[in-house]
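Just below is one structure, and these are the notes that go with it.
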Amino acid sequence: MPTPFFADLVRELCHEGGTGPLTPTGAVPGHRRFAGAVPADTEFHYAIAGIAQPGEWEVGTGRLDAAGRLVREAVAASSDDGGRVDFAPGLKTLALTVGAGWFTAHDAAVAALDAADDDLAVAIAAKQPLSTAHPAATTGADDDLMTVRRGAGWVNIPLAALVRRGADGHVGIGTANPAQLLELAGGSPRMRIVPAASEQTGGIEIVTDGAHEASFTARGSTGELNIAAGRAPGWGGNIRFFTDTTEKMRLTAAGRLLLGGAADNYMLNIASGAASRGIVADFNTNGHVGALISFTQAGITNNCFGTIPGTGDFGWYVNRNGVADGVLLMRLTAAGSLGIGTDTAAVRLHVKSSGEIMRLETTAARGSGNGFLSFYDPSGRKGYFGYGGTSETIFLMNEENGNIEFGTNAVSRWYVESAGHFTPVADNAYDVGWSAGRVRNLHLASNPIVTSDMREKAWRGAASAAELAAAKRIASELGFYQWNDAVAEKGAEGARLHFGVRAQAVWAIMAGEGLVDPIDAGADPTSRHAFLCWDRWAEERDAEGRIVRAAGERFGIRPDQLALFLIAAQEARLAALEAAA
């Protein structure tokens, strides 16, 4: 009875189904993979147990094919009444085991052999010993015969069928005419090297002229296979690999790996690849922790890029030396989003940093180069934002018949219309400047238009006697003045003269007529008359705590409304004079 191959703790997961071969996909924790423990095309006992489908199971004998799949050859027992199970796709385990039927047959065979040994001993004891008085010979001839026992009789086997050493010193196993010093012939010739139990290393050594040239050795304590070339360090031996009589790979004495006949000028040089797919090299992780390439110099931060473990994304790391360490600098997701400084890119280009994040620098000298960002759709460019070096101008340009909008707090506030008009998005909602941030001047080609639609007003009527009295007094307050800043900059003779009022004086006159509260240092001034204005602001500081705007307050007036107020008082005065005449 043939003995199947045995190995301990071989168990893998599988997801395929059907009645044909099944592909192992990875070892169960605490177990080994078939590929590392079981030779291909070697019979062994298997057991298949469904996990996703617990009712499906099968035991029998099979072997691994060249692709590493389990080929089920003979079913010993199964959930399908001993037939080959048509497994449903889903999680299951494949294990190397020992069949109970084999143990039973093995015990019976051993008992039969023991009985045969007893019979043989009796038979040999009754035979006459073979003669040893024949002439001696140093080599064997092709037609030499050796008599051996076969079944109940005897047969003669020619030496050509056994190990043969010819007169030329060539040794043949399975051949009568070895062409080399050692030749193995037969259906599947193999050579096995088994060192003594006390030895740790076994292999083949090639020696020419008394010097070591190359060796193939295996070390049992570490599981290493060592292939060596060269007589001594610096001798310069290469290891070359051929298929179809052509060199396909070379490992040079300098440690360079050359593939496809590549030149000996880089540590790794690939001369060809999968031309039909445009691929030079394919780094396949086989379900492990990612396919990454690392570039390292002694004492310098290493760079590492490739497939990020457990994802379809591509990443670039620094200081990555293990499965989960290092800093991810850049990540390109399988969906096409690029993250720089972040591993969760939310848009096509996501940059996470602080300070200056992006810089566009022209290669031309100042005054001649341009740098800009352009915005396109499939029909062409639609606009750009950039710098014109010739005019030293920053451009924000919409090249279509549309607007340019500006906003804050996710709300559009102002826009430039396609015709060039600067317009607020919401009507009567925003100011230009404020008390502590005044606009210096406005240069207009015509007077501004102030809307005065009666439908938008709750009309109160003419000025009261107290208001007319205040207006007469304010008219006497009118006079020329110079701005203090202008005097400080240009001098009293150079600063221009302006005509108007002093806001606090107007406020005091209105208070004198009982129309507003007097200005009190302990209270904020308030007025129902809109031509009287007052505002206060708090101190502002930058990120380093430096004061960028001191706290302050400022009085003001609305000149157009005040002028109309004074005109009303003047008209009332003229009317009184006319009535008295």
Exception for GLY522 within (1) out of contact with any Gly (no Cβ under 7 Å at 6 or more places or on another chain); (2) closer than 24 Å to ALA569 by Cα; (3) of a type outside the set (Val, Ile, Thr) falls at (2)
Restricting attention to strands (runs of 3 or more DSSP E) lying wholly within the range 5-65, give those where 2 or more residues are of a type in the set (Phe, Trp, Tyr) and under 22 Å from VAL85 (Cα atoms). 44-50
Please give the number of the condition GLY437 fails out of (1) closer than 16 Å to PHE565 by Cβ; (2) out of contact with any Leu (no Cβ under 7 Å at 6 or more places or on another chain). (1)
Pairs returned, first residue in the range 355-374 that is within 11 Å of GLY389 (Cα to Cα), second residue that is of a type in the set (A, V, I, L, M), beta-carbon separation under 6 angstrom, 6 or more apart or interchain, are GLY371/LEU360
Return the total of residues in the range 49-75 being open to solvent by 80 Å² or more (accessible area, probe 1.4 Å) and without any contact (Cβ under 8 Å) to a residue 40 or more places away in the chain. 5
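Residues are listed down the side, and each one gets a yes or a no for (1) without any contact (Cβ under 8 Å) to a residue 24 or more places away in the chain; (2) among the aromatic types (Phe, Trp, Tyr); (3) farther than 28 Å from PRO424 by Cβ; (4) open to solvent by 70 Å² or more (accessible area, probe 1.4 Å):
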| residue | (1), (2), (3), (4) |
| --- | --- |
| GLY380 | yes, no, yes, no |
| GLY386 | no, no, no, no |
| THR393 | yes, no, no, no |
| MET397 | yes, no, no, yes |
What are the residues in the range 362-378 that are open to solvent by 90 Å² or more (accessible area, probe 1.4 Å) and either at pLDDT 90 or above or in a loop (DSSP other than H, G, I, E, B) (or both), if any? THR363, ARG366, PHE375, TYR376, PRO378
Of the residues ILE270, ILE300, which is open to solvent by 70 Å² or more (accessible area, probe 1.4 Å), at pLDDT below 85 and more than 30 Å from THR208 (Cα to Cα)? ILE300
For ALA35, are the conditions met, namely being at pLDDT 90 or above, among the aliphatic types (A, V, I, L, M) and either more than 36 Å from the chain's Cα centre (by Cα) or open to solvent by less than 30 Å² (accessible area, probe 1.4 Å) (or both)? no
Any chance ARG359 is among the basic types (Lys, Arg), open to solvent by 50 Å² or more (accessible area, probe 1.4 Å) and not in a loop (DSSP other than H, G, I, E, B): no
Residues of the range 328-384 being within 28 Å of GLY306 (Cβ to Cβ), in contact with a strand residue (DSSP E or B) (Cβ under 6 Å, 6 or more places away or on another chain) and charged (D, E, K, R), in sequence order, are ARG331, ASP343
Name the one entry in ILE547, ILE509, ILE519, ILE557 that is among the β-branched types (Val, Ile, Thr), open to solvent by 60 Å² or more (accessible area, probe 1.4 Å) and under 23 Å from GLY479 (Cα atoms). ILE519
Within the range 314-343, residues in a loop (DSSP other than H, G, I, E, B), under 10 Å from the mean Cα position of the chain (by Cα) and modelled with pLDDT under 90 come out as ASP343
Looking at the range 73-83, which of its residues are charged (D, E, K, R) and within 10 Å of TRP57 (Cα to Cα)? ASP80
Determine whether the range 409-432 contains at least one residue that is over 23 Å from HIS529 (Cα atoms), among the acidic types (Asp, Glu), in contact with a strand residue (DSSP E or B) (Cβ under 8 Å, 6 or more places away or on another chain) and open to solvent by 90 Å² or more (accessible area, probe 1.4 Å). no
Give me the strands (runs of 3 or more DSSP E) completely within the range 151-258, filtered to those with at least 1 residues that are within 43 Å of the chain's Cα centre (by Cα), at pLDDT 75 or above and surrounded by 14 or more Cβ atoms within 10 Å (Cβ to Cβ), ordered by residue number. 211-219, 224-229, 239-243, 246-251
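The values are calculated or read from the model by the stated rules, or taken from the named source; none is laboratory data. Predicted, not measured: the structure shown is a model, and the values here were computed from it. Using ideal geometry, Cβ is built from the backbone for each residue, glycine included, and neighbour counts are taken over all protein chains shown. Please note that ligands, DNA and RNA were not included when accessible areas were found on the heavy atoms of the full protein model with its side chains. Shrake-Rupley method; radii C 1.70, N 1.55, O 1.52, S 1.80 Å.
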